[in-house]
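Every number here is computed from the coordinates shown, using simple stated rules; none is lab data. Bear in mind that the values here come from a model prediction, so they are computed numbers and not experimental data. Cβ coordinates were reconstructed from backbone atoms using ideal geometry, including for glycine residues, and neighbour counts include every protein chain displayed.
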Amino acid sequence: MHVPARRVVRGLGLLCAAALSLTACSSSGSTAASGSGDASAGASAVQAALAKGGTITVWAWEPTLKQVVTDFEAKYPKVHVNLVNAGTGDKQYTALQNAVSAGSGGPDVAQIEYYALGQFALGKSVQDLTQFGAASLNGTFSPGPWSSVDIAGGVYALPMDSGPMALFYNKKVFDQYKLTVPSTWAEYLDDARKLHAANPNAYITNDTGDAGFTTSLIWQAGGHPYKVDGTKVSVDFSDAGSTAFTSTWQQLVSGKLVAPINSWSDQWYKGLGDGTIATLATGAWMPANFVSGVPGASGDWRVAPLPQWQAGQNASAENGGSSLAVMKASANQDLAYAFLKFADAGPGVQDRIKGGAFPATTADLNSPAFLNTAFPYFGGQQANQIFAQSAKNVVKGWQYLPFQVYANSIFNDNVGKAYVSSTTLAQGLKNWQDASLRYGSQQGFTTG
Amino acid sequence: MTATTPAPTKTSGPGRSPRLRTASSRPRRAYSVDRPRRSRTLTALSSLIVLYTLVPLAWLVVSATKTQANLLGSPGLWFSGRFALWDNISQTLTYDHHVFLRWLLNTLLYVVLGAGGATLLAVLAGYGLAKFDFRGKKTVFAVVIGAVAVPATALAVPTFLMFSTMGLTNTPWAVIIPSLVSPFGLYLMWVFASEAVPAELLEAARVDGSGEVRTFFTIALPLLSPGIVTVLLFTVVATWNNYFLPLIMIKDPNWYPLTLGLNAWNAQAATAGGQPVFNLVITGSLLTIVPLVAAFLLLQRYWQSGLAAGSVKE
């Protein structure tokens, strides 16, 4: 009797938390006009804060930040950084929104994924960094991540890492079943059929419906389902890019050619290790997870460029990746920004690359040392060359909704059905579109 | 969670000491000599419940003996590969700078102060309400009964907002203070005290010149001890297993109780660059329930009498 009751109540609590985040969002109206005139004054204030010292709290789940904090404190002995893992992804965003609504208890710096940043920027919970001179860092970061933090004339975070997509494939499985590494998604579909016919236990990949993955592939296909202009928002999953995705992916799903396994589950790790999941199209941050999570398959996997929607193209997209933002409620914003700069554009970047993270800084993406790094896990392959090329080929102009965290949270209620019932992906996306727009207009956005 | 186990079906009823029965030197099965007729349906049903309760436990124990790699590659209910239990335990205790031990100490802190305090308050208030007449007693009764119906988790979000304005979130107090209130424990103590402490005894003590405080400590308290242990068990289990309250109150892993810590380890597998440590999550879960299982087994007798007190003497 204990457990179900608690679960119901937990659900209630989450509802409350969601309700809190709604109120936080609904205040979003006009876009911030930034005062970048006193940028140099801001920069010197940052230096002064470092000399004076103090304590800041950082909410982040990125594991490589531990080393960054150690080095930061060693360089500035008067500064103390309290690094807190307040949950991964949407769990942390809920906590963050709660703290924003409550007006206290929040951090000075928070890790926020690119897809979620718009929500916090429009809700005015994160500080516009142009006053500290962040606008001048424009060329420091690769264009994809920078466009994600450069929102409506303000810079609301500094890119921490990026996830230009590539195709990870299990070479052992490909060799065994004589599959060719696909250069287009049509070839990918052929491989999927061949593999599953040869071994009914093996699948080309796993997919049970993942909002980030779906939007990334539509992004790569040149789709622009989301259009955001101030408070005007439109969603349209019937454009050419979205249709390219659904027509191919529908065949994979209908043919039961994708493993019904959730990403990040224990089954998933098992499948990656034993060859029953043969490929993963995902972000360049994946290698560290292969090394720690699938050590048994070391040497089996290789990296290839992402398959194309049209032969001969070389389009790519970002998947995942996060930024560090300064919270508006922070009492020590100068020091918080100093940490951001150290971690995202300073010596911290090297710490993080050594820890297996994939940078967003152009200097590192172009450096020979980085490009020529051989990955023992991938049989000595210089995989960063593929990732760096992918970063350059990211299709420009992609936008997320200013309430993407909520939209992604209802992805499975709508599009997830296509994986378990007769609903088509196209219909599922249409339902998702309607539900997202409904929510948007409830939040006071002009939808159309 | 353990509250659902059908322990009361097996051994003696409340009040009968196990020692009496061993003195009769009969084999264990002979207890049912009073009622020789047995229901097969009931036996089958209780076997199902026993399975339902024990299978996850068996899975946990078996899985705790496997390495991370073996865990994914072998069936859950039987041993496979190297016996890695000791290895897992030592890894669990040392992983990430012994953070598990820190979480264990935090949990103990919340249990000792939270559950201990809740028991103390419940005993004092329950005794007072049962044995003294005063104006507004009916109102207090109504409030307590009403409070029993409101689960603590439903109050967690309002409590969070309140504590936030007081600046108490992210401190141990945010978990301890709400845990101090146990309406159910109070109600249990109240019922127990009105039955277990005869008014005549208190009268006699008063006649003999004992003050109220002295009467409470020397006469009432020993009589109340089975009830106290029961309430203590309830509150300890509730505080030990508490997940939602610390989840929204505490963001600093240094103040996590075990429930949140294990969840954080589990979430690590779904993090870019994170290390999946399913084997440590499982071994950590096993270590987490061991004290509860021990407390339950050792104090089973009190637990049963407590359940009965709550259900019968209304």
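What share of the DSSP beta bridges in chain A is antiparallel, in percent to the nearest 5?
On the way: 27 of 42 bridges.
Counting DSSP beta bridges with both partners in chain A, the antiparallel share is about 65 percent.
Just need the relative contact order of segment A:118-277 here, percent rounded to a whole number, with Cα pairs under 8 Å and 6+ apart. Mind dumping the intermediate values first?
Numbers: 151 pairs, mean separation 30.9, N = 160.
Contact order relative to length: 19 percent.
In a GNM of chain A with a 10 Å cut-off on Cα contacts, which of A:G222, A:G212, A:G103 has the highest mean-square fluctuation?
A:G103
Across peptide A:283-292, what mean number of C-beta atoms from other chains lies inside 10 Å of a residue's C-beta? Kindly include the intermediate steps, with their values, before the conclusion.
Values: counts 1, 1, 3, 2, 1, 5, 8, 0, 2, 8.
Taking the mean over all residues of the peptide, I get 3.
Quick check on segment A:322-448: take the gyration tensor over C-alpha atoms, sort the square-rooted eigenvalues as a ≥ b ≥ c, and tell me if it's rounded (a/c under 1.5), prolate or oblate. Don't skip to the answer; put the middle values down first.
On the way: a/c = 2.85, a/b = 1.43, b/c = 1.99.
Since a/c reaches 1.5 but b/c is at least a/b, the shape of segment A:322-448 is classed as oblate.
Which of B:L232, B:L287 comes first, and how do the rest follow, when ranked by fewest Cβ neighbours within 10 Å? Working shown, then result.
Values: B:L232 23, B:L287 18.
Exposure proxy ranking, most exposed first: B:L287, B:L232.
Would you work out the Kirkwood radius for segment A:380-448? I mean one over the mean of 1/r across all pairs of different Cα atoms, in Å.
Its Kirkwood hydrodynamic radius stands at 14.6 Å.
Using the Cα gyration tensor of segment B:163-314, with a ≥ b ≥ c the square roots of its eigenvalues, what is the shape: rounded (a/c below 1.5), prolate (a/b larger than b/c) or oblate (neither)?
Working: a/c = 3.59, a/b = 2.16, b/c = 1.66.
Taking the square roots of the gyration eigenvalues as a ≥ b ≥ c, segment B:163-314 is prolate.
What residues qualify as long-range amide H neighbours of A:Q399, i.e. H under 5 Å apart, gap of 5 or more or another chain, H built at 1.01 Å from N?
A:Y226
Quick check for me: using +1 on Lys/Arg Cβ and -1 on Asp/Glu Cβ, what's the dipole size of the protein assembly as shown about its Cα centre, in debye to the nearest 20? Kindly include the intermediate steps, with their values, before the conclusion.
Working: 51 positive and 40 negative charges, 588 e Å.
It works out to roughly 2820 debye.
Skipping prolines and chain starts, which residues have an amide H placed within reach, meaning under 5 Å, of the one on A:Y203, given they are 5 or more residues away or on another chain?
A:I277, A:A278
Taking neighbour Cβ counts within 10 Å as the exposure measure, how do A:H80, B:H98 sort from fewest upward? Please list the in-between numbers first.
Working: A:H80 15, B:H98 12.
Starting with the residue having the fewest Cβ neighbours, the order is B:H98, A:H80.
For peptide A:80-92, how many partner chain Cβ atoms fall within 10 Å of a residue's Cβ, on average?
Numbers: counts 0, 0, 2, 2, 6, 9, 6, 6, 8, 4, 0, 4, 1.
Neighbouring Cβ atoms belonging to other protein chains average 4 per residue here.
What does the charge count near A:A391 come to, summing +1 for each Lys or Arg and -1 for each Asp or Glu among other residues with Cβ under 13 Å from its Cβ? Each step should come with its number before you reach the end.
Working: positive: A:K392, A:K396; negative: A:D161, A:E318, A:D364.
Counting the neighbours of A:A391, the net charge comes to -1.
Spelling out what I want: for every residue of segment B:237-254, take phi, set θ = phi - 60°, compute 6.51 cos²θ - 1.76 cosθ + 1.60 (Karplus), and round to whole Hz; glycine and proline get x.
For segment B:237-254, the Karplus-derived couplings read 4, 4, 6, 4, 8, 4, 10, 5, 4, x, 4, 8, 8, 10, 10, 8, x, 5 Hz, x marking Gly and Pro.
Applying a 10 Å radius around every beta-carbon, put A:287-295, A:169-177 in order of their mean neighbour count, most first. Mind dumping the intermediate values first?
On the way: A:287-295: 20.4, A:169-177: 18.4.
Packing order, densest peptide first, comes out as A:287-295, A:169-177.
Which of B:N279, A:S323, A:T214 sits closest to the plus end of the dipole of the protein assembly as shown, meaning its Cα is farthest towards the positive end, when Lys and Arg get +1 and Asp and Glu get -1 on the C-beta?
B:N279
On a straight-distance basis, which aspartates and glutamates could pair with A:K430 in a cross-link, Cα separation under 20 angstrom, same-chain partners fewer than 8 positions away excluded?
A:K430 reaches A:D207, A:D210, A:D236, A:D239, A:D413.
Show the residues, 5+ positions off or on another chain, whose built amide H is closer than 5 Å to the amide H of A:V394.
A:S316
Highest mean first, how do B:74-80, B:203-209, B:223-229, B:121-127 rank when packing is the count of other Cβ atoms within 10 Å averaged over residues? Numbers along the way, then the final one.
On the way: B:74-80: 12.6, B:203-209: 10.9, B:223-229: 19.3, B:121-127: 21.6.
Put in order of decreasing packing, that is B:121-127, B:223-229, B:74-80, B:203-209.
Across segment A:214-226, in residue order, what do the Karplus-derived ³J(HN,Hα) couplings come to in whole Hz, using 6.51 cos²θ - 1.76 cosθ + 1.60 with θ = phi - 60° and x for Gly and Pro?
4, 5, 5, 5, 5, 4, 5, 6, x, x, 10, x, 9
Order these by the 10 Å Cβ neighbour count, fewest first: B:R38, B:R102, A:R193.
On the way: B:R38 9, B:R102 17, A:R193 14.
Ascending number of Cβ neighbours within 10 Å: B:R38, A:R193, B:R102.
Within 10 Å of each Cβ of A:354-363, how many other protein chain Cβ atoms are there on average?
On the way: counts 0, 1, 2, 2, 2, 0, 0, 0, 0, 0.
Mean number of neighbouring Cβ atoms from other chains: 1.
Checking the cross-link filter: which lysines have an alpha carbon closer than 30 Å to that of A:K75, excluding same-chain neighbours under 8 positions apart?
Answer for A:K75, where 30 Å is the Cα cut-off: A:K52, A:K66, A:K328, A:K341, A:K354, B:K251, listed by chain and number.
For the protein assembly as shown, rounded, prolate or oblate, judged on the Cα gyration tensor with a ≥ b ≥ c (square roots of eigenvalues), a/c < 1.5 rounded, else prolate if a/b > b/c?
prolate
Output ³J(HN,Hα) for segment B:141-157: one whole-Hz value per residue in order, computed from phi by the Karplus curve 6.51 cos²θ - 1.76 cosθ + 1.60 with θ = phi - 60°, and x for Gly and Pro.
4, 4, 5, 5, 4, x, 5, 4, 6, 8, x, 4, 5, 5, 8, 4, 5
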